[in-house]
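The values are calculated or read from the model by the stated rules, or taken from the named source; none is laboratory data. Because the structure is a prediction, the values reported are computed rather than measured. So basically every Cβ, Gly included, is an ideal-geometry build from the backbone, and we count neighbours across all protein chains shown.
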Amino acid sequence: MKPVSSWIIVADGSRARILRDVALSRPNGKIPEEMDFVSPQQPLRKIMSDKAGRAFESSGTRGSAMEPHSDPIERAEYAFAESLAETLEAHLRDKAFSKLAVIAAPKMLSHLRNSFSDSVKKTVFAEVAKDLTKLPSKELQEAVRTLLA
């Protein structure tokens with residue numbers, strides 16, 4: 001029988017870390033493997049560099065600038081969540097893990113939930129709405145053990 005392999009994804013809108021082989025119940029001295037992902041985000045000034053379109057009233061010559069229909073940063077975060085979900089799906093198909101914990105900033109947690117396939121959703125055993133991505137590895141491991149104990 002293959003041992004249960006638990007993975008933990010820690011994410012925010014632009015960075016994700018996947019901890020593999022983490023002993024949640026007790027520290028075993030073994031350092032978990034870590035995969036890092038960084039979103040190729042551009043500064044807002046570059047994303048919004050085009051001028052907004054102009055709209056004119058049906059009568060008269062008065063015009064006004066149009067507002068964008070969606071938030072470009074939110075779209076970039078959602079695209080990042082989708083790419084993470086695809087990565088997890090590929091690893092799940094390869095039977096790299098059988099249980100998944102998700103620790104993410106609240107907005108990113110929502111994006112990940114919406115992006116996960118049904119098969120990945122079935123492996124999720126814990127969700128925590130908290131941003132831990134900026135913690136150093138050792139502190140992250142301790143925080144994860146505390147949150148998921």
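Remarks
- For segment 1-16, filtered to residues that are assigned to a strand (DSSP E or B), touching a Ser or Thr at 6+ places or on another chain (Cβ under 9 Å) and crowded, with 20+ Cβ neighbours inside 10 Å, the residue that is modelled with the lowest pLDDT is Ser6.
- When segment 108-149 is limited to residues that are within 19 Å of His91 (Cα to Cα) and among the basic types (Lys, Arg), the one that is surrounded by the fewest Cβ atoms within 10 Å (Cβ to Cβ) turns out to be Lys121.
- Scope segment 93-104; condition surrounded by fewer than 19 Cβ atoms within 10 Å (Cβ to Cβ) and among the aliphatic types (A, V, I, L, M); matching residues: Ala96
- Enumerated strands (runs of 3 or more DSSP E) restricted to segment 32-148, each holding at least 1 residues that are more than 20 Å from Ser6 (Cα to Cα) and at pLDDT below 85: 33-38, 54-56, 63-65
- For first residues located in segment 132-149 and under 15 Å from Asp36 (Cα atoms), partners that are loosely packed, with under 11 Cβ neighbours inside 10 Å and lie 6+ apart or on another chain with Cβ distances below 6 Å do not occur.
- If the condition is being on the phi < 0 side of the Ramachandran plot and modelled with pLDDT under 60, then segment 17-31 contributes Ala23, Leu24, Ser25, Arg26, Pro27, Asn28, Lys30, Ile31.
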